[in-house]
Amino acid sequence: MARIVSARVIVTCPGRNFVTLKIETSDGVAGIGDATLNGRELAVAAYLREHVIPLLIGRDAHRIEDVWNYLYKGAYWRRGPVTMSAIAAVDMALWDIKGKIAGLPLYQLLGGACREGCMVYGHANGKDIEETIDNALHYQEQGYKAIRLQSGVPGLAATYGVSKDKYFYEPADAALPTESLWSTEKYLRSVPPLFEKAREALGWDVHLLHDIHHRCTPIEAGRLGKDLEQYRPFWLEDATPAENQSAFRLIRQHTTAPLAVGEVFNTIWDAKQLIEEQLIDYIRMTVVHGGGITHLRRVASLAEIYQIRTGCHGATDLSPICMAAALHFGLAVPNFGIQEYMRHTAETDAVFPHAYSFAEGMMHPGEAPGLGVELDEELAAKHEYKPAYLPVARLEDGTMFSW
Ligand code: EZ4
Ligand code: CO
């Protein structure tokens with residue numbers, strides 16, 4: 001038995017905030033898990049410290065499934081991003097420990113590699129179409145097989161997906177939320193020319209993706225899908241808010257553009273109808289916000305029988321620990337589709353040295369036992385937590401809208 005003797009939460013801010021759970025066993029094996037929830041970091045840290053860690057001490061670290069169910073069912077209060085991120089952190093750390101004890105990289109414990117590597121997509125963005133395409137050409141030169149395109153919208157001062165720094169995207173940019181104005185009409189006019197020019201410049205051998213970021217109604221998304229179909233997008237992401245899962249039926253009636261949803265989902269229940277009615281093509285839940293590897297495996301298995309593939313969220317607000325977990329999962333899951341990859345800064349990578357690597361548009365988790373990521377605690381302690389919020393959006397008349 002590998003008894004859990006201690007667990008600690010480490011909050012660090014190497015350029016942006018990350019929350020990490022570190023669990024240690026009686027044999028001196030340590031495992032780490034990501035618990036970062038962008039803009040709500042300390043809620044998860046407190047949930048872990050106050051309500052989860054006391055329940056872990058003395059438990060057998062090998063009983064991952066039992067611990068997962070203990071934390072999920074045992075809380076009485078189920079689901080939600082705070083709870084599920086905390087459970088995910090425990091789950092990741094326990095899988096890390098199991099891998100280290102076995103002397104095997106996590107993907108081997110999940111059934112072994114189903115492919116040579118995980119195809120990833122990079123983020124090209126710019127203030128206008130020209131700048132976005134310049135940026136996309138840069139990704140193509142670096143070997144990316146898939147690129148997400150987000151461009152500034154004429155007439156709008158700022159929008160999601162377009163950063164000040166073209167190569168490092170960080171939306172949580174202020175100590176209190178900044179406000180931006182939104183117009184769906186202006187946005188809908190701006191995307192088809194972006195894709196038209198992108199196909200002219202980049203050709204047809206590269207996958208092109210686009211994130212709508214919950215900004216359209218179903219009928220608006222249907223229209224955008226119809227407009228973009230001719231450019232063969234790999235996917236359109238978060239076409240409409242998905243609390244109402246049946247809303248996607250309406251989008252499906254109007255377009256054959258593949259749909260991806262789920263970066264804000266926490267459990268299989270958020271995606272159940274979307275999957276069972278085949279209303280989507282890619283499920284975007286990832287390890288940290290989706291209840292850990294144990295739960296994401298169930299989501300992927302359900303998706304598999306409906307020919308839906310994975311496309312895990314991989315923004316910089318998920319730590320390198322989550323990225324590693326996603327790559328082990330992606331290598332081993334039969335219905336892998338694609339993995340999002342927004343590079344972390346050198347400052348972040350220094351705090352989380354890792355075994356995963358990128359080559360020719362593909363990523364591999366590496367062969368280190370467990371997750372293959374470490375936390376440099378001494379360095380982490382030098383970067384103090386800094387409150388940072390995601391922006392909010394309003395319509396031009398002041399109405400509060402989805403960011
Ligand atoms: O805006 O992770 O597809 N990626 C995204 C992200 C989200 C951020 C929010 O914290 O939509 O960039
Ligand atoms: Co997104």
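The values are calculated or read from the model by the stated rules, or taken from the named source; none is laboratory data. Worth saying up front: this structure is predicted, and the values here are computed from it rather than measured. When we count neighbours, we look across all protein chains shown, and the Cβ atoms used for this are built from the backbone with ideal geometry, even at glycine. Surface areas here come from the heavy atoms of the whole protein model, side chains and all, with no ligands, DNA or RNA. Shrake-Rupley method; radii C 1.70, N 1.55, O 1.52, S 1.80 Å.
What to note about this one:
- Virtual spin-label span in nm between Asp66 and Thr256, 7 Å along Cα→Cβ: 5.2
- The spacing between segment 195-244 and segment 1-80, judged by their C-alpha centroids, is 37 Å.
- What the Cβ-Cβ distance of Gln142 and Glu243 gives, at R0 = 41 Å and to the nearest 0.05, is a FRET efficiency of 0.65.
- Probe 1.4 Å, protein heavy atoms only - accessible area per residue of the chain in square angstrom: 40
- Rounded, prolate or oblate (a/c below 1.5 giving rounded, otherwise prolate when a/b exceeds b/c) for segment 4-105 by Cα gyration tensor: oblate
- Positive-pole candidate from Val19, Leu176, Gln230, dipole of the chain, charges at beta carbon: Val19
- Using alpha-carbon coordinates, inclination of helix 129-141 to the longest axis of the chain, degrees: 50
- Extension gain, Leu395 to Ser26, is 127.3 nm, computed as 0.36 nm per intervening residue step minus the present C-alpha separation.
- Sequence-separation-based contact order of segment 4-105, relative, with Cα cut under 8 Å and 6+ spacing, percent: 33
- If the convex hull is drawn through the Cα atoms of segment 109-367, its volume per residue in Å³: 127
- Peptides 298-305, 66-73 ordered by packing proxy, namely the average of other Cβ atoms within 10 Å per residue, highest first: 298-305, 66-73.
- Here the accessible area is traced with a 1.4 Å probe on the protein chains. For the chain, carbon and sulfur cover 52 percent of it.
- Between Leu176 and Trp269, the C-beta separation translates, for a Förster distance of 25 Å, into a calculated FRET efficiency of about 0.15.
- Remark: relative contact order (the chain) = 23 percent; criterion is Cα-Cα distance under 8 angstrom and separation of 6 or more residues.
- Percentage relative contact order, segment 156-278, counting C-alpha pairs under 8 Å, at least six apart: 20
- The separation of segment 111-131 from segment 365-403, counted between C-alpha centres, amounts to 19 Å.
- In this Cβ point-charge picture (+1 for Lys and Arg, -1 for Asp and Glu), the chain has a dipole of about 900 debye about its Cα centre.
- Among Gly203, Val191, Ile129 - extreme Cα towards positive end, dipole of the chain, charges at beta-carbon: Val191
- Farthest positive-ward along the chain dipole, Cα basis, beta-carbon charges - from Val67, Ala43, Leu94: Val67
- Counting only lysines at least 8 places from Lys166 when in the same chain, those with an alpha carbon closer than 18 Å to its own are Lys127.
- Relative to the dominant Cα principal axis of the chain, helix 292-304 is inclined by about 50°.
- Estimated at 0.36 nm per residue, the fully extended path between Glu196 and Asp134 surpasses their Cα-Cα distance by 20.9 nm.
- When the listed pairs Lys100/Lys386; Lys22/Lys73; Lys145/Lys386; Lys145/Lys226; Lys22/Lys272; Lys164/Lys272 are checked against a 30 Å cut-off, the alpha-carbon distance exceeds it for Lys100/Lys386; Lys145/Lys386; Lys22/Lys272; Lys164/Lys272.
- Here the dipole of segment 100-185 is about 520 debye; that uses its Cα centre as origin and unit charges on the Cβ of Lys and Arg (positive) and Asp and Glu (negative).
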